[in-house]
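The values are calculated or read from the model by the stated rules, or taken from the named source; none is laboratory data. Computed from a predicted structure; not experimentally measured. Note: ideal-geometry Cβ built from the backbone for every residue, glycine included; neighbour counts use all protein chains shown.
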């Protein structure tokens, strides 16, 4: 039996999922960095997203000057 988000023919049900964000709230770009498994493990063990964003933005601003 199909789940609530699936149609009987195996495809996704139209309108399933959350509504798209308004254009001003969308983030289109993805910033990726190649890491070894060990480096990735270190970052996964911390809240890397928050401090990495702050560090990268600060560094970019100082390089631009």
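Return yes when residue 49 is at pLDDT below 85, outside any helix (DSSP H, G or I) and loosely packed, with under 10 Cβ neighbours inside 10 Å and no when it is not.
Here the answer is no, as residue 49 does not meet what is asked.
Any residue at all in the range 33-43 that is surrounded by 10 or more Cβ atoms within 10 Å (Cβ to Cβ), modelled with pLDDT under 85, within 16 Å of the chain's Cα centre (by Cα) and not in a loop (DSSP other than H, G, I, E, B)?
Start the filter on the range 33-43 by keeping residues that are surrounded by 10 or more Cβ atoms within 10 Å (Cβ to Cβ), which leaves 35, 39-43.
In the following step, the residues that additionally are modelled with pLDDT under 85 were identified as 43.
Now drop any that are not within 16 Å of the chain's Cα centre (by Cα), which leaves 43.
Filter again for not in a loop (DSSP other than H, G, I, E, B), leaving 43.
For the range 33-43, residues surrounded by 10 or more Cβ atoms within 10 Å (Cβ to Cβ), modelled with pLDDT under 85, within 16 Å of the chain's Cα centre (by Cα) and not in a loop (DSSP other than H, G, I, E, B): present.
In this structure, does residue 56 turn out to be surrounded by 10 or more Cβ atoms within 10 Å (Cβ to Cβ), at pLDDT below 85 and part of a helix (DSSP H, G or I)?
No: the conditions fail for residue 56.
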